[in-house]
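The values are calculated or read from the model by the stated rules, or taken from the named source; none is laboratory data. Only a predicted model underlies this, so the values are computations on that prediction, with no experimental measurement involved. Ideal geometry is used to build each Cβ from the backbone, glycine not excepted, and the neighbour counts take in all protein chains shown.
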Amino acid sequence: MVSMRQSNIERRRARDECREKLSKHIHQRLGIKVKAADVRLNPRPNDPYAWRILPGEEHSLSRVFVKNLSDHSIGTFRLLCREIGKTFEAVLSSTQSSSLDSILSVPEPSFSVMINELREENARLYQEVYELKSKVRVELGKKKLVEEENCKLRSSQVRLQAQVQGYANTLDHFRSNVTRCIFGLEKALPISEGLLRNVSIDEASRTA
């Protein structure tokens, strides 16, 4: 019995805390003062506020907002306190927004609106990054082609240098052979001339 009474006290405390936070959120977001005891998860048509659930969270939260606040458990109260302003928010009631515009302070941007703006900004940044990546790929492709062409030119240069060196070596070899031949001829000519003179003298002697 004591345990049940304590549980009821804790549940009432959690419910009251949840009402207070919801009331403060409505006032901060919309400038509307709603007593904590009058806050509803399922507002009436003439209430100046309504609740909007962040897209993607409908499945987990939509069942919460079809019940009265007092019908929920401690776990749901804590969930609402934790998620308020994150996965759901207070917005102007569609039936009251036009009449309240003149007396309400300008509300802060809706978190869902901010999320949509962030998504659009992210999409724009993604497109810019994609375009930059495409440009980088093109430039890298050009750079690669230039590097490949330079590599081919360097290979051709090395090959031509090797051929030139080969021709130079061949030329040196021919020059060396010619030099040896000239040197041999220079040595052989005096001997030949001597032999010719001796032959001439012998022939002259025989004739006489």
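Just to be sure, is S205 among the small types (G, A, S), over 60 Å from the mean Cα position of the chain (by Cα), in a helix (DSSP H, G or I) and modelled with pLDDT of 75 or more? Let's see the steps before the verdict.
Numbers: among the small types (G, A, S): yes; over 60 Å from the mean Cα position of the chain (by Cα): yes; in a helix (DSSP H, G or I): yes; modelled with pLDDT of 75 or more: no.
Here the answer is no, as S205 does not meet what is asked.
Condition (residue is in contact with a Ser or Thr (Cβ under 9 Å, 6 or more places away or on another chain) and at pLDDT 90 or above) applied to the range 18-26: is it met by at least one residue?
Pass one, the range 18-26, residues in contact with a Ser or Thr (Cβ under 9 Å, 6 or more places away or on another chain): 18.
Narrowing the set further to residues that are at pLDDT 90 or above leaves 18.
Yes: the range 18-26 contains one or more residues that are in contact with a Ser or Thr (Cβ under 9 Å, 6 or more places away or on another chain) and at pLDDT 90 or above.
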Given the criteria of a type in the set (S, T, N, Q), at pLDDT below 90 and exposed (fewer than 14 other Cβ atoms within 10 Å of the Cβ), does S60 qualify? yes
When the range 35-57 is checked residue by residue, the ones that are exposed (fewer than 13 other Cβ atoms within 10 Å of the Cβ), of a type outside the set (D, E, K, R) and in contact with a helix residue (DSSP H, G or I) (Cβ under 9 Å, 6 or more places away or on another chain) are A37, P55
